[in-house]
Amino acid sequence: MMTLTIDTLHVPESVDAPDAGEWRAYIEVINASYRHDAGTDLLEWDPAVMLAAMHQQSHRVRLAYLARDGGSVVGAGELTFDRSTERDVEFMVAVAPGARGRGIDDAICARLEDEARALGRSYALVYAPTPVDADTLPSDAVLRPSSGAGGVPRDDERSRMLLARRYALGQVERASAYALDADPDPLRARLDAAQTAAGDEYETVWWSDRAPDAYIDGYAAAIARMGTDVPSGDHDWEPEVWDAERIRAREDRAASTGQLWGVTIVVHRPTGVVAAFNELVLSPDRAKPTENYGTLVVPEHRGRRLGTIVKCLGLLRWREVAPDSPAVVTFNAEENRHMLDVNEAVGFRPVFWEGSWHTHLS
């Protein structure tokens, strides 16, 4: 008989603190769950990086929960929301592979929903990965968002749970990987051609560590546009507020853990506007895969191959600063055909997919 309990997670001062056992178990079950669901170990949470995010919540709030059956850790949940929004909330639901099929994911999701309601949050988003390419399945075995772009297995355990809880599939994202030991000459050739096509009106800038003062305000403005200018499927996200102070806080947090960032921007010389950017992020373990965080070309400057510029220049510089990282993983909405074309031409290949589900909490 299962005796499931879901408790608020104790957050220690450091990953090496005497009371950090629960925190390490929390990260371990999340990583085991994601490996199982995505079918790959390319993406893993780093315990020190995530702990730093728990400690610095001036802009984004994170609440964590640990599920146990008796004395065994069987799952985890996390609730996050941005302080600059009013209703949006994101849930992360993880269940140990050996504890599947017992309703633990449903119980964790219910707990997160209750906590969100108590906080006054009413629009919830959940991500669920799958290694299955929906286009390889019979049409009646696939659940697709209204855009028709991408899909997830209808009979997947997480799909069944979320449908039963009245979530809707709002979008499907493709996770693609680029092997960093690939021949760099095609990248250089594509970069040269794209810069020629863009012309002298555009200047490329790259940095790691901290954003130069001259560009930080424009960079923050471009990040803020991620909430309005990227394909969002059926989701109705609230835009987040970004400014220089928030970027500096993120940089301080990264520095405290040894996380490495590499940022490429394209500046429109006549106006000084940051017209495009790309972010590459690596955990303190430099032998781990790199994650591509944000990539955006602002709508007013699209059609000038700026997406190719930030992708290619970022990858070329990253090979210099992170030579031991084996790959870069990036996410793109399946309906974002333009950016998928850019990534495929650069050399990214599909690895897994992730459905993003949403519901209005009553």
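Where a number appears in this text, it was derived from the coordinates with a stated rule and is not lab data. Since the structure is predicted, the reported quantities are computational estimates derived from the model, not experimental observations. When we count neighbours, we look across all protein chains shown, and the Cβ atoms used for this are built from the backbone with ideal geometry, even at glycine.
For the range 4-175, the relative contact order works out to 18 percent when only alpha carbon pairs closer than 8 Å and six or more residues apart are counted. When all alpha carbon pairs of the chain are counted in 10 Å bins from zero, the resulting P(r) reads 5, 23, 34, 27, 10, 2, 0 %.
May I ask for the angle, rounded to the nearest 10°, between helix 104-118 and the longest principal axis of the chain, with both axes built from Cα atoms and the value confined to 0 to 90°? So the helix axis and the longest Cα principal axis differ by about 80 degrees.
Dipole size of the range 60-134 about its Cα centre, with +1 on Lys/Arg Cβ and -1 on Asp/Glu Cβ: approximately 200 debye, rounded to the nearest 20.
In this Cβ point-charge picture (+1 for Lys and Arg, -1 for Asp and Glu), the range 177-351 has a dipole of about 360 debye about its Cα centre. In a fully extended conformation the segment linking E238 and D7 would gain 80.2 nm over its present Cα-Cα distance, using 0.36 nm per residue. Against the main long axis of the alpha-carbon atoms of the chain, helix 306-321 sits at an angle near 80°.
Take the alpha carbon gyration tensor of the range 306-356, find the square roots of its eigenvalues, order them as a ≥ b ≥ c, and report rounded if a/c is under 1.5; if not, report prolate when a/b exceeds b/c, else oblate.
oblate
On a full-extension model of 0.36 nm per residue, what is the gain between S256 and R166, subtracting their alpha-carbon distance, rounded to one decimal in nm?
28.4 nm
A straight chain from E203 to T271 at 0.36 nm per residue would run longer than the Cα-Cα distance by 23.3 nm. Note on the chain: dipole from Cβ charges, positive end direction compared against S58, S147, W23; the farthest Cα belongs to S147.
Compared with the dominant Cα axis of the chain, that is its longest principal axis, helix 213-224 is turned about 50°.
For a quick check: sort T130, T40 by the number of other beta carbons within 10 angstrom, fewest at the front.
Ranking T130, T40 by Cβ neighbours within 10 Å, fewest first, gives T40, T130.
For the peptides 241-248, 24-31, the ranking by packing is 24-31, 241-248, with the highest mean count of neighbouring Cβ atoms within 10 Å listed first. Simple point charges give the picture: +1 on the Cβ of Lys and Arg, -1 on the Cβ of Asp and Glu, and for the chain a dipole about the Cα centre of about 280 debye. Dividing the mean sequence gap of close Cα pairs (under 8 Å, 6+ apart) by how many residues the chain holds gives a relative contact order of 21 percent. Across the range 120-272, the mean sequence separation of Cα contacts (distance under 8 Å, 6 or more residues apart), normalised by length, yields a relative contact order of 23 percent. Taking label points 7 Å from Cα along the Cα-to-Cβ direction, R210 and A189 give a separation of 4.1 nm. Using only the Cα atoms of the range 171-306, build the gyration tensor, take square roots of its eigenvalues as a ≥ b ≥ c, and label the shape rounded, prolate or oblate: rounded if a/c is under 1.5, else prolate if a/b is larger than b/c, else oblate. Note, shape of the range 171-306 comes out rounded.
Structure remark: mean-square fluctuation, Gaussian network model of the chain, C-alpha springs under 10 Å; the largest value among G150, G120, G170 belongs to G120. Neighbour counting of Cβ atoms within 10 Å sorts the residues L313, L340, L4, fewest neighbours leading, into L4, L340, L313.
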